[in-house]
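Q: Could you have a look at this structure, given as structure tokens, before my questions?
Derivation of every value follows stated rules applied to the coordinates shown; laboratory data play no part. Just so you know, these numbers come straight off a predicted model, no measurement behind them. We place every Cβ from the backbone using ideal geometry, glycine too, and count neighbours over all the protein chains shown.
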Amino acid sequence: MNSEMLYALRDPAGIPSHPIVFLLLGVLTFALHVAAVQVMLGASALVLRGAFSANARWRRLAGTMLSTAKVAVSVAIVIGVAPLLFVQVTYDPFWYTANVLSAWWVIGFIVILIAAYLAMYGFYWRNHDLAAHPTRSAWMMVVSLALMLLVGFIMHVLSAQMLLPNEWQGWYAPDGQVDPSGRSLHAWSLPRFGFFIALSAPVVGAWLLALRRYLQGAGERDAAYLAFLARLSRPLMLVGGVVALALGAVWMATLPPTMAHFATSPWMVGAAVALLATVLVPTLLGARIDRGIWGYAVFGFGAVALIVVAAAREILRYTTLFGQHGYDALDYKINMDWYSTLTFFLTFGVLGSVTLGYLLTVAWKAGQTEGVYTPSPAVTRMGQAAVGLLALWIVHYFVVGFWVMGQ
Ligand code: HEM
């Protein structure tokens, strides 16, 4: 596949802002997506561990992690849409070809995801209070976790297939026989997939430390439960972090020759150092972890490390497609559209921060209050501003839509 062919597959209309904007947003939103995925997978694994245990602390944790997993799936799905949009803008020749080659799986992705989510809710429906009652229908949670992993694997295959344009023709017409069924998955790297999945252990370990700090702030009286959370989070972070790094090293060692240069690049080294530093943070903090916001800071460090990992992953893709196939994502034709660019950033920055800020503040304060929580006048004003902005956004959407239709 030569570079002219790849360029010919681009959208001739160009893109509405500089490609660097889409690349940076792609990195940032992928990091958020994968963080939510890892919280969800880690929490689901802890649900299973607790559901099969008779220990009261494990069962309490399983109930809490089930609530976490349910929310994390929806966050992972919603935030998954963002990198999907950005990757198909700057890398459309690659992303769409990878999708069409495995179209059956791309459509199946939605069905499998729905089944996975339903299985999780089915388990929840059967087990409203894991701390008080024996586990029922544990198989549903096993099925949910397995299907979630399959969903992630499909995404992984698409990300892998887009990097190998020289293979596309052979996959589409093996031995010269065209196979338009889209039923096959053609390329994957188990160490790469394993690396992203194994990171769920340190990520959920950091999450448990934050949960512990949150419970301390809410006046948790069960000191043994707090100690249990601390004990559990350490090996999850340390052992899980080392396993993830080992899988990352195998991924780098098994890169195809066209990408092998990347294994020793400063980006990859930087990502490894950021991950290693994060898993060591709890040890370095010592007793400080119980003071102020330090208990939450570990998750914050983890988020930064994931952004570095996401950036390294993007550089691998950019350099592979540019260096090996002559495709420069940064020279996409720009058809500057200030209106949509401004709408995006204002929606993301203003509407997003006020609405999310309000929801998080209420959820936070309610959890830290004993008895019934009554919001302060400032929090109430924030809620009113969020509703007002949402109404304004919807009105603006229809006004612009009708105006465009009338042109
Ligand atoms: C709920 C289960 C899901 C899991 C376990 C999961 C897991 C993953 C993993 C591990 C990757 C990295 C693959 C790699 O680089 O090798 C990934 C990438 C990606 N995921 Fe998900 N994912 C899930 C759901 C979704 C959903 C629902 C969407 C979209 C709505 C989505 C959108 C994406 C996109 C677009 C990428 C690739 C981004 C890029 O290449 O820039 N994911 N996902």
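Q: Compute the Rg to Rh ratio over the stretch 61-206 from the alpha carbon atoms, using the Kirkwood formula for Rh, and round to two decimal places. Don't jump to the answer; show the numbers that get you there.
A: Details: Rg = 18.0 Å, Rh = 17.1 Å.
Rg/Rh: 1.05.
Q: Full-extension gain between Ile77 and Gln384, please, as 0.36 nm times their residue separation minus the C-alpha to C-alpha distance. List each step's numbers first, then the result.
A: Working: separation 307, 0.36 × 307 = 110.52 nm, distance 2.73 nm.
Result for the pair: 107.8 nm of gain on full extension.
Q: Shifting gears a bit: So who's got an amide H within less than 5 Å of the one on Ile334, skipping anything under 5 residues away but keeping other chains? H placed 1.01 Å off N, in plane.
A: HN-HN under 5 Å from Ile334: Ile15.
Q: In addition: Give me the orientation-averaged projected area of the Cα convex hull of the stretch 173-295, in nm², one decimal.
A: Details: hull surface 45.4 nm².
Taking the Cα atoms of the stretch 173-295, their convex hull projects to 11.4 nm² on average.
Q: Further, regarding this structure: Rounding to the nearest 10 and keeping the result within 0 to 90°, find how far the Cα-based axis of helix 103-126 lies from the longest principal axis of the chain.
A: 10 degrees
Q: Shifting gears a bit: Using a Förster distance of 25 Å, how high is the FRET efficiency between Ala218 and Ala132, based on the Cβ-Cβ distance and rounded to 0.05? Numbers along the way, then the final one.
A: On the way: r = 20 Å, r/R0 = 0.81.
Efficiency at R0 = 25 Å is approximately 0.80.
Q: Hey, any idea what Rg/Rh is for the stretch 1-54, computing Rh the Kirkwood way over Cα pairs?
A: On the way: Rg = 20.4 Å, Rh = 15.0 Å.
We get a ratio of 1.36 for the stretch 1-54.
Q: Check Tyr327: other-chain or 5+ apart residues with amide H under 5 Å from its amide H, H built from backbone geometry?
A: For Tyr327, whose amide H was placed from the backbone, the distant partners under 5 Å are Phe322.
Q: So what's the angle, to the nearest 10 degrees on a 0 to 90 scale, between helix 200-217 and the longest Cα principal axis of the chain?
A: 40 degrees
Q: Report the net charge of residues surrounding Phe94, where surrounding means a beta-carbon distance below 14 angstrom and charges are Lys +1, Arg +1, Asp -1, Glu -1.
A: Numbers: positive: Arg10, Arg317; negative: Asp11, Asp92, Glu167, Glu314, Asp328.
Net local charge, Phe94 excluded: -3.
Q: Hey, another quick one. Can you work out ³J(HN,Hα) from phi for every residue in the stretch 356-364, in order, using Karplus 6.51 cos²θ - 1.76 cosθ + 1.60 and θ = phi - 60°, giving whole Hz and x for Gly and Pro?
A: 5, x, 5, 4, 5, 4, 5, 4, 4
Q: A follow-up question, please. What is the Å³ per residue value for the convex hull set by the Cα atoms of the chain? The partial results should precede the final answer.
A: Details: hull volume 69.7 nm³, N = 407.
Here the figure is 171 Å³ per residue.
Q: On to the next question. Put a dot 7 Å past each Cα toward the Cβ at Ala246 and His261; how far apart are the dots in nm?
A: 3.2 nm
Q: OK, next. As I understand it, the value is the acute angle between the Cα axis of helix 56-90 and the longest principal axis of the Cα atoms of the chain; what does it come to in degrees, rounded to 10?
A: Taking Cα atoms only, the helix is inclined about 20 degrees.
Q: In whole Hz, what ³J(HN,Hα) sequence does the stretch 301-307 give by Karplus (6.51, -1.76, 1.60; θ = phi - 60°), x for Gly and Pro?
A: Along the stretch 301-307, the couplings run 4, x, 5, 5, 4, 5, 5 Hz.
Q: Report the Stokes-Einstein translational diffusion coefficient (µm² s⁻¹, integer) for the stretch 284-407, Rh taken as the Kirkwood radius over Cα pairs, at 4 °C with viscosity 1.567 mPa s. Could the numbers behind the result be given before it?
A: Values: Rh = 19.5 Å.
So the translational diffusion coefficient is about 66 µm²/s.
Q: Please give the length that would be gained between Arg291 and Ser53 if that part of the chain were fully extended, namely 0.36 nm times their separation in residues minus their C-alpha to C-alpha distance (nm, one decimal). Before the final figure, lay out each step's value.
A: On the way: separation 238, 0.36 × 238 = 85.68 nm, distance 3.15 nm.
Between Arg291 and Ser53, full extension yields an extra 82.5 nm.
Q: Something else: Length gain on complete extension for the stretch Thr343 to Trp188, per 0.36 nm per residue less the alpha carbon to alpha carbon distance?
A: Values: separation 155, 0.36 × 155 = 55.80 nm, distance 3.73 nm.
Once the chain is fully extended between Thr343 and Trp188, it gains 52.1 nm.
Q: For the stretch 280-337, state the semi-axes of the equivalent ellipsoid (square roots of 5 times the eigenvalues of the alpha-carbon gyration tensor), sorted largest first and rounded to whole angstrom.
A: 40, 15, 4
Q: Enumerate the calculated ³J(HN,Hα) couplings along the stretch 274-282 in order (Karplus 6.51 cos²θ - 1.76 cosθ + 1.60, θ = phi - 60°), each rounded to whole Hz, writing x wherever the residue is Gly or Pro.
A: The phi angles translate into 4, 5, 4, 4, 5, 5, 8, 4, x Hz.
Q: Now for a separate question. Please provide three numbers in whole Å: the alpha-carbon extents of the stretch 1-134 along the principal axes, with the largest listed first.
A: Principal extents (largest minus smallest coordinate, Cα): 63, 30, 21 Å.
Q: Order these peptides, 369-380, 6-17, by their mean beta-carbon neighbour count within 10 angstrom, highest first.
A: Values: 369-380: 10.2, 6-17: 14.1.
In descending order of packing, they fall as 6-17, 369-380.
Q: Any idea what the relative contact order of the chain is, in percent, if you count C-alpha pairs under 8 Å spaced at least 6 apart?
A: Numbers: 463 pairs, mean separation 86.3, N = 407.
Dividing the mean separation by the residue count of the chain yields 21 percent.
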